[in-house]
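All remarks here apply to the structure that follows.
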Amino acid sequence: MPQTTKKVNFMIHDDIRMEFERLVPPGERSRVVNEALRKELLSIKRKRLTEKLMKFRARTTLPTKEIVDAVKKDRNRVLPS
């Protein structure tokens, strides 16, 4: 399925804009921004999940190994398409 795109409007600091324009050619800017946002969003999700796991860990008596094994098993599951 082809990905759709949408033009968005947001503000960035002048120093970042100038370096971005200096380093990234016009034809590659959308790709670079998309990749950077994708990485940052993944980082945010991981931090939030880690916080949830740490809170859960503080309330449970399960051994750490059992929790780690369950997380690994869930990561390897096949999602329905």
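The values are calculated or read from the model by the stated rules, or taken from the named source; none is laboratory data. Everything numeric here is computed off the predicted structure, so don't read it as measured data. Methodologically, a virtual Cβ is constructed for each residue, glycine included, from the backbone with ideal geometry; neighbour enumeration extends over all protein chains shown. Ligands, DNA and RNA are stripped out before the accessible areas are found, and what is left, the full protein with its side chains, is counted by its heavy atoms. Shrake-Rupley method; radii C 1.70, N 1.55, O 1.52, S 1.80 Å.
So which of LEU37, LEU53 is on the phi < 0 side of the Ramachandran plot, surrounded by 10 or more Cβ atoms within 10 Å (Cβ to Cβ) and out of contact with any helix residue (DSSP H, G or I) (no Cβ under 8 Å at 6 or more places or on another chain)?
LEU37
List the residue pairs whose Cβ atoms are under 9 Å apart, where the first residue sits in region 20-37 and is under 16 Å from THR5 (Cβ atoms) and without any contact (Cβ under 8 Å) to a residue 12 or more places away in the chain, the second is of a type in the set (Asp, Glu) and surrounded by 10 or more Cβ atoms within 10 Å (Cβ to Cβ), and the two are 6 or more positions apart or on different chains.
Listed pairs, sorted by first residue: ARG29/GLU21.
Taking the residues in region 1-34 that are open to solvent by 90 Å² or more (accessible area, probe 1.4 Å) and hydrophobic (A, V, I, L, M, F, W, C) as candidates, determine which candidate is modelled with the lowest pLDDT.
Filtering first and then ranking leaves MET1.
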